[in-house]
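Okay, so here's the structure we're looking at.
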Amino acid sequence: MEATIAKSKSVTTDCHNVDKKLRQIFDLTEDEANFHMKQSAFLYQLAVQTMPKSQHCLSMRLTVEYFRDDSFDQELPVKYSDPTLQHYVIFSSNVIASTVVINSTVLHARDSMNQVFHVLTNGQNYYAMKHWFLGNTFKDAVVEVLNIDPFIPDYYDKTTPSHLNLPTEFRVSFHGINNASAMHSRTQYISIFSHSHYLLPEIFKNLEKVVVLDDDIVVQQDLSTLWSLNMGQKVMGAIQICSVRLGQVRSYLGESSFHKNSCTWMSGLNVIDLARWRKLGISETYWKLVKEVSKKEGSAALASLLTFQDLIYALDNDWVLSGLGHDYGLSTQSIKKAAVLHYNGNMKPWLELGIPKYK
């Protein structure tokens, strides 16, 4: 023992080398943790953006069946352009999701005879959608399926996507005050019109008013009262999110002119006055703003926020309950009370990672 102690005392410990070695181990561990975090985030986004295999197969089977079976044709073109009827527009590439929107709307309608649904999809899903909606009935409502590809203008900037664009969602995280002494971080997914929405006046030339429904909503009450709204000089009725104001997304908006205290607005349920839209040249304003902010991430969403500044008619918040695609804390009472449930966020109900209690 004495010999061992003497030997250990004779060995000088270089603290600098020990510190250096520990720092190397720490850095390696931190790099590995960062790698796994990035990989996890990537796989999560991949799961969100990839269509489930079952739905992809359904679309393919329906397309094949469409070309095999041409024995029926239930289309009613006269109703499609009748301005006296209630016209609902859905942008979607998802057969099941768009069906849920239509079915839930019709089931809660007092009179489905006046309802006309226009499903705008891309060429890839057009025949599947057409076959599905020709083969299914929704009380007395009629459904028109349109391929949006021929309507996409070729004279816009080359950076403009030449395909169907679904509503754009971007995430805003900010700090809020929960009580006098505590700070908490909040995340809100803002859903905004995309490029495709600004083709509405061109696609529906004979219509003066439409209601646009996102394909990630479920309707729980009759929507007919939306057609009697007096929006004054406003172009669109939408739910405003005053917990997120334009001033809070200042970094996204850059040097553009905007009122920092203006509330942001949401797509999902939108009443649109197409006549006033055309009169004010909303689409032209939007494409001009897109070119100005094209170098920024999420240029479509930012241009939409600025295009409709001071032109939004605020709908009563009881119309829509949003957050079912990201917020675990929504109460059962608020869900039952809402006229429309909006699954905005990454966790859509048709995905495996959808929030189970909301499915």
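At a glance:
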| read-out | value |
| --- | --- |
| Highest-first arrangement of 340-351, 53-64, where packing means the average Cβ count within 10 Å | 340-351, 53-64 |
| Computed E for Leu76/Gln221 - FRET, C-beta separation, R0 35 angstrom, nearest 0.05 | 0.85 |
| Protection proxy ranking, peptides 17-29, 132-144, average beta carbon neighbours within 10 Å, highest first | 132-144, 17-29 |
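A short reminder: the numbers here are calculations on the coordinates, not readings from a lab. Note that the structure is predicted; figures quoted are calculated from it, not measured. Here Cβ is always computed from backbone atoms with ideal geometry, including for glycine, and neighbour counts include all displayed protein chains.
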